[in-house]
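Participant: What follows is a structure written as structure tokens; I'll ask about it next.
Any read-out appearing in this document is the output of simple, stated calculations on the displayed coordinates, not a laboratory observation. Given the structure is predicted, the values throughout are model-derived calculations rather than measurements. Neighbour counts are summed over all protein chains in view; Cβ atoms, including those assigned to glycine, are modelled from backbone coordinates with ideal geometry.
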2 protein chains.
Amino acid sequence: MDITVKQLFSDQHFAEDEQITLHGWVKTVRGSKRVGFIELSDGSCFKRAQIVMQSDLPNYEELTKLPISSTIGVTGTVVYTPEAKQPLEIHAESIELEGHSDNDYPLQKKKHTYEYLRTMAHLRPRTNTFYAVFRIRSLAAFAIHQYLQSEDFVYVNTPIITSSDAEGAGEMFRVTTLDMENLPRTEDGKVDDHEDFFKKETNLTVSGQLAVEPFALAFKNVYTFGPTFRAENSHTSRHAAEFWMIEPEMAFADLKDVIVEAEGLLKYVVSYLFDHAMDELQFLNDNVDEHLIERLTKTREEPFAQITYTEAIDLLQKADVDFEVPVYWGLDLESEHERYLSEQVFKKPVFLTDYPKDIKAFYMRVNDDDKTVAAVDLLVPEIGELIGGSQREEREDVLAAKIKELDMPMEEYQWYLDLRKYGETEHSGFGIGFERLLMYVTGMENIRDVIPYPRTPGNAEF
Amino acid sequence: MDITVKQLFSDQHFAEDEQITLHGWVKTVRGSKRVGFIELSDGSCFKRAQIVMQSDLPNYEELTKLPISSTIGVTGTVVYTPEAKQPLEIHAESIELEGHSDNDYPLQKKKHTYEYLRTMAHLRPRTNTFYAVFRIRSLAAFAIHQYLQSEDFVYVNTPIITSSDAEGAGEMFRVTTLDMENLPRTEDGKVDDHEDFFKKETNLTVSGQLAVEPFALAFKNVYTFGPTFRAENSHTSRHAAEFWMIEPEMAFADLKDVIVEAEGLLKYVVSYLFDHAMDELQFLNDNVDEHLIERLTKTREEPFAQITYTEAIDLLQKADVDFEVPVYWGLDLESEHERYLSEQVFKKPVFLTDYPKDIKAFYMRVNDDDKTVAAVDLLVPEIGELIGGSQREEREDVLAAKIKELDMPMEEYQWYLDLRKYGETEHSGFGIGFERLLMYVTGMENIRDVIPYPRTPGNAEF
């Protein structure tokens, strides 16, 4: 019977004389004159099967010299060893070489730097660390879908190619089918965008939020979960040109609802990982970030803190710390301030609410003080800002005045104003950078190491 | 107590004297001197609440004249009417206008054409048809994740921006940050791609398949689910420039496994929709495609058919039909042939296997006859090809010879060959066009009507 390594380590019990077959890749191999051992992975779980082979196997010699990553099929029986470090092993009756591997396999047993492994994005998921990270990435994505669907959120695929610039946030990538060597020109010599595929200039989206709002006003609760792009020439460990965002949006909901949903979602993701990826989390805790499980346990179990921006400024000004950027009311907080609040003051995730309106986006709802907006950021240890959200300005006249004040092209935002014109509705939403969340739940410190094929300035390999 | 319309229609029973509050949008309103009725939607489900208001409400006059889509809060009690068409109604004690709507609301009660509604992608999800379609889109996406995760597939976000052209399939969109009005040039006068963001030419992905294969060789079972792009100037009802694909990939798996997983996945999606979107399916069956539920029931309950390409050619040649494109062995089947097979011959989904190698992609595994490859397409009624898959060529030497034969740049595919060099492993996968699947499960005939904001030549609005 063909089984997987995952089944091998499941509750299923295999009888002493039950013949099973595993197909997998050789991770390590060692052999003496009488007996040899192969660690076998088939990808189905983090654990590997320990294969014991006696020297009377006809191809024993060849097996002990197998290059790492050779593909083999092992037939044998399961022997339980509850006293040993390994709870079970496979006593091989036959081992067949199913696919060769060359001797120059670049991932030999020794530890490689993350930098080196980034140059082989096609092979690094075979290492323990990246196996753990990318399995957690998958599970976290599913947990997010599951939580939101269970709360009756409707998943909306907002467009990747867009002719608007969302919130004027950040630089964008142009998308074009024009022949760059031979650009069509208008009479006055400009590039003729009307000749482009979409008959106008188009870009890659920086956020799905504006596009998803209309759906909240039809379905009440909706969310996006898709790729977004920033053409910023940042060479930091926290910025990538291509990353995924989750953007839930809710009608008949205010800032308090954002806080409830954001905290609920984050706790659910952590719980889901505890239930489905404990082997991976333990490995990362042992090898990457020794505070990982402690931090996540706290995230799951303790209520998050909550203060206003104004209270936060007060705390920062009273702090006995020399911040690089001095603190004043009106400042757009830097990572150092955000981390001080979450790591030193609260030692857990903290929501900051009611930011100065001048440092926040045009669509955020102005508070009665006319100085702040109903915005909220979630700051977490090690990362800083993880989630940003707000109540949206639903008052048609207030929003129109704001668009005018900021000199934004009114006709381009008419559809967005229509949402207020035809059923002014209290509504709110938030955005989560998926990779930041992954850094938080894996302990990895570079965004390039939580993305299968990272895109950063000068790097679009594979 | 605040409740949603979904809760109202759930198993929960509300006592005669229990006061509840609903927030929602006015869908229709009518009133006589003594009594008036409002159909209220809050987006939480397809159903609407029937609000009964007596003329003694202080703002009764105003309420009967409310423009469609006004936002109101209704407080009252639930009255069950099991004998009536409507199983329950709300007897209003007070109704508050929470947000205005203008009188020129473009979605008045009369039926609009799909073409007209496409011009208002921000409002059309409020109509019954598009509410149904986009809720089904969300549920189908989640069902796909749930099925694959339950089968231990790991979700991988393959890159959107890519420097390879995957399989040389179709025209691509260029992604650039170069200043189009002032392009940098190399010494010989060409556009200097080295000055671009990624220091080379990059494009939007046409498929995640090649990029996901390395992950199958680490995790055994993996899948992508993300946007893909084709810059084809097609103006048909079945082509969009931006669409979503699901691409599962499995190690230690052959063509038979593809067929099992593809059929299992499709049946699961249909079952999930039957369990979670019966109101929506019934509406679409009544208003869009009268055979929808019958077709889906059959899809769920009957095993799919399976024949070889060669057998299919034989059937087509014997058919008493004047095909526009004549049939011969070696032909890349047209939609008319595919639909004849699934609609006339088998009257249900049918897998075609073992296509001529010359009409299939370079990475498909060559069969022993050296004429065909281990490929499979799933043809379904109304749509034609819905799924395409294959066993991948895992033999390093055969694949390298193929790349050479097709004059593809060997150095660009070295990483792909590495997957064979370091652990030649039998593996297979398939791709599903998500929008084609949605057309199949909704009965909608134009791909523009199953995408929130469709992108087609000349159209990138919103």
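Participant: I'd like the GluC sites (Glu not before Pro) in the range B:315-351 restricted to DSSP loop residues with at most 12 other Cβ atoms within 10 Å, sorted by number.
Facilitator: Here the sparse-neighbourhood loop sites are B:E324.
Participant: When Lys and Arg each count +1 and Asp and Glu each count -1, what net charge do the other residues less than 11 Å away from B:L386, Cβ to Cβ, add up to?
Facilitator: Summing Lys/Arg as +1 and Asp/Glu as -1 gives -4.
Participant: How would you classify the range A:223-367 from its alpha-carbon gyration tensor, with a ≥ b ≥ c the square roots of the eigenvalues: rounded for a/c under 1.5, else prolate if a/b is greater than b/c, otherwise oblate?
Facilitator: Taking the square roots of the gyration eigenvalues as a ≥ b ≥ c, the range A:223-367 is rounded.
Participant: Enumerate the calculated ³J(HN,Hα) couplings along the range A:392-405 in order (Karplus 6.51 cos²θ - 1.76 cosθ + 1.60, θ = phi - 60°), each rounded to whole Hz, writing x wherever the residue is Gly or Pro.
Facilitator: Those phi angles translate into 8, 5, 9, 7, 4, 5, 5, 5, 4, 4, 5, 4, 5, 4 Hz.
Participant: Moving on. Nearest 10 degrees, 0 to 90: what angle lies between the long axis of helix B:309-318 and the longest principal axis of chain B (Cα atoms)?
Facilitator: Roughly 70 degrees, rounded to the nearest 10.
Participant: Using the Cα centre of the protein assembly as shown as the reference point, and only Cβ charges (+1 on K/R, -1 on D/E), how large is the resulting charge dipole? Debye, rounded to the nearest 20.
Facilitator: 920 debye
Participant: How far apart, in nm, are the 7 Å Cα→Cβ label points at B:E324 and A:L331?
Facilitator: Inter-label distance under the simple model: 6.8 nm.
Participant: So how do A:K27, A:K360, B:K85, B:K200 line up by other beta-carbon neighbours within 10 Å, fewest first?
Facilitator: The most exposed by this proxy come first: B:K85, B:K200, A:K27, A:K360.
Participant: If contacts are Cα pairs under 8 angstrom and at least 6 residues apart, what is the relative contact order of the range B:5-99 in percent?
Facilitator: 29 percent
Participant: Could you work out the relative contact order of chain A, using alpha carbon pairs under 8 angstrom and six or more residues apart, expressed as a whole percent?
Facilitator: So the answer I get is 13 percent.
Participant: Using R₀ = 41 Å, calculate the FRET efficiency as 1/(1 + (r/R₀)^6) where r is the Cβ-Cβ separation of B:L97 and A:E311; round to 0.05.
Facilitator: Using R0 = 41 Å, I get an efficiency of 0.70.
Participant: Can you give the local net charge around B:E242? Use residues other than it whose beta-carbon is closer than 9 angstrom to its beta-carbon, Lys and Arg +1, Asp and Glu -1.
Facilitator: Summing Lys/Arg as +1 and Asp/Glu as -1 gives +2.
Participant: Next question, about the same structure. Could you give the angle, 0 to 90 degrees to the nearest 10, between helix A:292-301's Cα long axis and the longest principal axis of the Cα atoms of chain A?
Facilitator: 50 degrees
Participant: With only Lys, Arg, Asp and Glu charged, each at its Cβ (+1 for the first two, -1 for the last two), find how big the charge dipole of chain A is about the Cα centre; round to the nearest 20 debye.
Facilitator: With Lys and Arg at +1 and Asp and Glu at -1, about 1360 debye.
Participant: Same structure, new question: Which of B:Y363, A:Y268 has the fewest other C-beta atoms within 10 Å, and how do the rest follow up to the most?
Facilitator: A:Y268, B:Y363
Participant: Relative to the longest principal Cα axis of chain A, at what angle does helix A:255-276 sit, 0 to 90 degrees, rounded to 10?
Facilitator: 10 degrees
Participant: Let me ask another. Going through the cross-link list A:K298/B:K220; A:K27/A:K85; B:K347/B:K371; A:K402/B:K65; B:K256/B:K371; A:K47/B:K267, which pairs have a Cα-Cα distance over 27 Å in this structure?
Facilitator: The answer is A:K298/B:K220; B:K347/B:K371; A:K402/B:K65; A:K47/B:K267.
Participant: Along Cα→Cβ, 7 Å out, is where each label goes; now give me the distance between the ones at B:E445 and A:D369 in nm to one decimal.
Facilitator: Placing both labels 7 Å along Cα→Cβ, they lie 5.9 nm apart.
Participant: For B:E16 and B:Q414, FRET efficiency with R0 = 56 Å and r from the beta-carbon atoms, rounded to 0.05?
Facilitator: For B:Q414 and B:E16, the calculated efficiency is 0.15.
Participant: Once both labels are modelled 7 Å past Cα along the beta-carbon direction, what's the A:Q86-A:K190 spacing in nm?
Facilitator: The answer from the label model is 7.0 nm.
Participant: Among B:G76, A:V156, A:L273, which residue has its Cα positioned farthest towards the positive end of the charge dipole of the protein assembly as shown, with +1 placed on the Cβ of Lys and Arg, -1 on the Cβ of Asp and Glu, and the dipole taken about the Cα centre?
Facilitator: Of B:G76, A:V156, A:L273, it is B:G76.
Participant: Collect residues whose amide H, placed 1.01 Å from N in the peptide plane, falls under 5 Å from the amide H of A:T228; neighbours closer than 5 in sequence don't count.
Facilitator: A:F243, A:W244, A:M245
Participant: Nearest 20 debye, what's the magnitude of the dipole of the range B:5-99 about its Cα centre given +1 on Lys and Arg Cβ and -1 on Asp and Glu Cβ?
Facilitator: Dipole of the range B:5-99, to the nearest 20 debye: 520 debye.
Participant: Take the alpha carbon gyration tensor of chain A, find the square roots of its eigenvalues, order them as a ≥ b ≥ c, and report rounded if a/c is under 1.5; if not, report prolate when a/b exceeds b/c, else oblate.
Facilitator: prolate
Participant: Let me ask you something else. Give, to the nearest whole percent, the P(r) tail of the range B:5-99 beyond 23 angstrom, counting all Cα pairs.
Facilitator: Every Cα pair in the range B:5-99 considered, those over 23 Å come to 16 percent.
Participant: Cut-off is 10 Å between beta-carbons; in what order do A:R48, A:R126 appear when sorted fewest neighbours first?
Facilitator: A:R48, A:R126
Participant: What FRET efficiency do you get for B:M180 and A:N233 if R0 is 22 Å and r is their Cβ-Cβ distance, rounded to the nearest 0.05?
Facilitator: 0.75
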